[in-house]
Amino acid sequence: MNLTQLLLILRARKKIVLLTLMITVALALGVSLVLPKTYKATSTLLLNYKGVDPLTGMTMPGQLLPGYMATQVDIIGSKNVALRVVDQLELARSPAVIAQFNEAAQGKGTVRDWLADLLLKKLEVMPSRESSVVDVSFKGADPQFVAAVSNAFAEQYQKVSIQLKVDPMRKATTYFDDQTKLLRDNVERAQSRLSKYQQDNGIVSVDNRLDVESNRLNDLSAQLVLAQGQAMEANSRQRMAQGGNLSESPDVASNPLIQSLKLGLGNAEGKLAELGQRLDRNHPQYQSAKAEVDKLRRDLAEQTRATSQSVGNNAQILQQREGAIRAALAAQKAKVLELNRTRDEMGVLSKDVESAQRAFDVTSQRLSQTRIEGQAEQSDIAMLNPATAPIEPDSPKIPRNVLLSIFLGLMLGCGIALLAELLDRRIRSDQDLSEVLQIPVFGVVDWKPKQRRMRGMLPRRLRLN
């Protein structure tokens with residue numbers, strides 16, 4: 001079937017098409033006039049995004065996510081918000097509403113849930129495509145009621161958004177409060193351990209005390225080196241003084257008394273030698289001079305022994321001094337090592353105190369910030385345009401319904417005409433005749449009958465091709 005055949009069929013069945021069109025338009029117009037008027041009120045919300053939280057000063061990347069707007073739309077259309085709207089408008093207290101609920105639900109469920117479901121069915125939330133504006137619309141028969149419900153949904157959505165943000169902060173505040181108390185106890189215990197350790201070890205300032213003891217250790221080391229040198233020198237002199245030839249000892253040779261005795265002995269020996277040349281050994285003068293020489297020799301020997309003994313005593317004294325300094329050095333070294341160990345242990349305790357204090361400070365700061373966030377009832381959602389009672393009904397829209405009925409009537413009429421043609425096939429053109437008889441058409445009869453329909457009449461005139 002081509003377009004020409006289709007047009008011929010519709011022309012032949014135009015009564016059916018027109019009748020169907022008229023019936024459809026009449027039904028649409030009648031239904032539009034019979035249907036109750038429905039009003040639609042819309043409140044506009046603006047979801048502000050500043051990028052920075054006014055309380056914490058931190059950026060808020062959550063609102064940049066693609067699902068943020070869809071999440072807000074779902075929150076507006078949630079049953080939680082609808083229940084709040086029911087409570088705000090006190091719809092569940094109306095006796096008429098309770099009677100309708102008992103008739104519709106037969107006592108199953110609650111009035112609040114039933115009303116919330118009804119409100120959600122008539123609620124429409126439409127976000128803008130390229131902005132942060134959301135339209136909250138509600139439909140109903142009463143203009144004042146639909147405006148009140150739309151504004152109530154917008155208002156309760158603001159409160160719910162604040163609650164969703166504040167409730168986790170309040171729970172976090174309770175958690176951080178408990179952690180702060182625990183960390184404060186840890187700081188006090190660590191500080192108590194450090195103070196007790198200082199008292200037990202008598203530590204006022206470990207660093208200053210360690211510096212003094214280290215300086216003392218260095219001084220003892222220098223004194224030990226000096227004492228060791230002196231002791232070695234004294235031992236050498238002692239060995240020389242206690243040897244077979246005492247005269248070679250520098251201590252003996254440098255003694256003024258020994259030098260004086262040696263000088264007196266030399267003079268006495270010279271005098272004795274001179275008297276020995278002139279006098280006999282039994283002469284009193286010779287005997288006196290000899291006695292004087294013997295006496296000086298005894299004194300020189302005795303003084304030499306005394307000097308040698310004093311050198312040995314000096315060496316022993318220096319050795320004892322070296323031993324005392326060595327013992328003091330060992331004790332001082334042990335003391336410094338003990339101070340180092342004490343400092344290390346005290347450093348560990350100090351680090352424990354610092355770590356506990358740092359954790360306490362961080363938790364306290366987070367607690368203060370979370371407490372402020374939990375107490376701040378500020379919303380980033382603003383009412384841009386509140387809903388007002390509509391003057392004109394939103395539906396039914398008669399012009400729109402009539403236009404749609406005209407289109408639908410034409411389509412339906414054409415369909416019925418084609419269906420009737422299929423049930424009662426007629427020859428509308430030479431092409432139909434050629435298809436039915438399977439023979440070529442040689443001419444077309446141009447006949448104008450008195451009646452509109454042909455009933456097997458023969459053509460009056462034949463026009464050859």
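Structure summary
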quantity	calculated
Positions within segment 257-288 being open to solvent by less than 60 Å² (accessible area, probe 1.4 Å) and over 24 Å from ALA301 (Cβ atoms), in sequence order	LEU279
Qualifying position, being modelled with pLDDT of 75 or more, over 30 Å from LEU123 (Cα atoms) and surrounded by 14 or more Cβ atoms within 10 Å (Cβ to Cβ), among LEU404, LEU418	LEU418
Hits in segment 359-412 (condition: more than 21 Å from ALA172 (Cα to Cα) and small (Gly, Ala, Ser))	ALA382, ALA387, ALA389, SER395, SER405, GLY409
Unmet requirement for ALA222, which otherwise passes all of (1) of a type in the set (A, V, I, L, M, F, W, C); (2) at pLDDT 75 or above; (3) within 30 Å of ALA301 (Cβ to Cβ)	(3)
Some residue of segment 171-186 being β-branched (Val, Ile, Thr), open to solvent by 70 Å² or more (accessible area, probe 1.4 Å) and not in a strand (DSSP E or B)	yes
The listed residue being of a type outside the set (Val, Ile, Thr), part of a helix (DSSP H, G or I) and open to solvent by 60 Å² or more (accessible area, probe 1.4 Å), out of LEU19, LEU10	LEU19
Residue within segment 344-354 that is under 30 Å from LEU47 (Cα atoms), touching a Leu at 6+ places or on another chain (Cβ under 8 Å) and either of a type in the set (Ser, Thr, Tyr) or open to solvent by less than 60 Å² (accessible area, probe 1.4 Å) (or both) present	no
Candidate set: segment 146-194, residues that are aliphatic (A, V, I, L, M) and more than 30 Å from ASP74 (Cβ to Cβ); chosen: the one modelled with the highest pLDDT	LEU182
Helices (runs of 4 or more DSSP H) fully within segment 73-144 counting 2 or more residues that are of a type outside the set (Gly, Ala, Ser), touching a residue at least 60 places away in the same chain (Cβ under 8 Å) and open to solvent by 30 Å² or more (accessible area, probe 1.4 Å)	79-89
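The values are calculated or read from the model by the stated rules, or taken from the named source; none is laboratory data. These numbers were taken from a predicted model, which means no experiment stands behind them. Here Cβ is always computed from backbone atoms with ideal geometry, including for glycine, and neighbour counts include all displayed protein chains. Note: areas computed on protein heavy atoms with side chains; ligands, DNA, RNA excluded. Shrake-Rupley method; radii C 1.70, N 1.55, O 1.52, S 1.80 Å.
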